[in-house]
1. Looking only at the stretch B:51-75, which residues are of a type outside the set (Gly, Ala, Ser), within 30 Å of residue B:272 (Cβ to Cβ) and without any contact (Cβ under 8 Å) to a residue 40 or more places away in the chain?
2. Pairs please, first residue from the stretch A:23-46 and over 27 Å from residue B:197 (Cβ atoms), second anywhere and open to solvent by 60 Å² or more (accessible area, probe 1.4 Å), Cβ atoms under 6 Å, 6+ apart in sequence or on different chains.
3. I'd like to verify a number: residues in the stretch B:227-238 that are surrounded by 21 or more Cβ atoms within 10 Å (Cβ to Cβ), out of contact with any Lys or Arg (no Cβ under 9 Å at 6 or more places or on another chain) and over 13 Å from residue B:151 (Cβ atoms), how many?
4. Given the structure, is residue B:141 away from every other protein chain (no Cβ under 14 Å), at positive phi and open to solvent by less than 60 Å² (accessible area, probe 1.4 Å)?
5. Kindly indicate whether any position in the stretch B:160-169 is outside any helix (DSSP H, G or I) and either among the hydrophobic types (A, V, I, L, M, F, W, C) or open to solvent by less than 50 Å² (accessible area, probe 1.4 Å) (or both).
6. Need the failing condition index for residue B:288 against (1) surrounded by 18 or more Cβ atoms within 10 Å (Cβ to Cβ); (2) closer than 30 Å to residue B:15 by Cα; (3) modelled with pLDDT of 90 or more, just the number.
7. Just checking, does the stretch B:171-178 include any residue being within 24 Å of the chain's Cα centre (by Cα), within 13 Å of chain A (Cβ to nearest Cβ) and either assigned to a helix (DSSP H, G or I) or closer than 22 Å to residue B:134 by Cα (or both)?
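The values are calculated or read from the model by the stated rules, or taken from the named source; none is laboratory data. The structure presented is a predicted model; accordingly, all values stated were derived computationally and were not measured. Glycine gets a Cβ as well: all are built from the backbone with ideal geometry, and neighbour counts include every protein chain shown. For accessibility, only protein heavy atoms count, side chains too; no ligands or nucleic acids. Shrake-Rupley method; radii C 1.70, N 1.55, O 1.52, S 1.80 Å.
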Amino acid sequence: MPVWFGLFFLGPVIAEIALLAAHNGVLPDSLNSLISNTHLRATCMAFGGIYGLIAFKTGRWI
Amino acid sequence: MNAQKFDIDYLKTLDESELYRLEREIARKYMGGLSWFMVLWPLLNVLCWFSIWPLVIYDVIPLWAGFIIAVINCTLAYLPSHEAQHDIYARKGEKLYWLNQLIGHASLIPLASSYRVLRETHIEHHKHTNNPDLDPDFSSNAETGWGNIMNSINNFQPGSKSNKAYLNTLERLNTPEAKLAIRDQIMITLAFNLFLFIMAFSGYALEALLLWWLPIKIGFIYLRYYLSWRPHFPNPTMGRYQNTRAFKSWLGNLSSLGMTAHIVHHLHPRIPLDRTPAALRELEPILALRGCSLEDHYHIDAGFKKQ
């Protein structure tokens, strides 16, 4: 379950937060352009999935 | 309900069985009848929680306001179900038993938890309070309140002790009801996660996070602190009159969700939550004589209430 949770929920949550931060000008310009030039959702989902896998293996999210 | 005041010197003249009979008589006064407060509580709480979703999604209220309301809803979701776990609304065979079961199941929707799991494990908590091997809530034990909060956060980890304690309890019971409870929780967890995934894919990941996922976590931390830790820990002891204590809380009975009188609940579980403070006030001299830990509530030597 942690892998699915990371992939399908945590990833999209991080993507939405990043988009919100970029939209509100909270992030530095270099990060802003990085966000707009990458497949943000897919990247964040991949990160969430890997994080979930680590949580599953170690038994800990934090 | 006429509360009687008992003189401590009079109580000292009673023998064990007379004292017990008096305690039962007082407790019985507070049992029975439907507490409308406890019926309206879950109804309004669940309705409120459901209504914040469209209100936030259609921008009627901001997400941060919805988050605060959702945290309150999740924190308030458990106790009506707890009443149902003890058949306080109605017993099996009574006309209103359907209401007992409906409240038991429905009030837990904001917490995405199974009524059967919580009922089966809670009854075991009552039977084996503070027993490190058999009390499923023993993992709340900590030296300090912060320790309990850290325990609760640790219990959200995939390999959590608390989840294992509940599962171990259900497996130990191995009854048809316990098996149903495990099945229920699996189904609820799958449905909950599916909902989160669908919301995330529809562009509402933050709403799902702040209206459901995070409020559940905060709600459970608060509940475990006031329902498990404050009344039983630190220094957990076993025994009918020693395993739970009365305590005072910074916002009184309200902030502790009625748990300052939790000792009354453990001694007489069929007294509705909203009547336990009054029952405690009347039972105080007897409980003090029994050596119960009443913190600031009552001082047996002086025989008066300290405020």
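1. B:68, B:69, B:72
2. Matching pairs, first to second residue: none at all.
3. 1
4. no
5. Yes, because at least one residue in the stretch B:160-169 is outside any helix (DSSP H, G or I) and either among the hydrophobic types (A, V, I, L, M, F, W, C) or open to solvent by less than 50 Å² (accessible area, probe 1.4 Å) (or both).
6. (3)
7. no
Per-residue answers, yes or no, for (1) touching a Lys or Arg at 6+ places or on another chain (Cβ under 8 Å); (2) within 14 Å of another protein chain (Cβ to nearest Cβ):
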residue	(1), (2)
B:119	no, no
B:126	no, no
B:129	no, no
B:134	yes, no
B:146	no, no
B:152	yes, yes
B:156	yes, yes
B:159	yes, yes
B:165	no, no
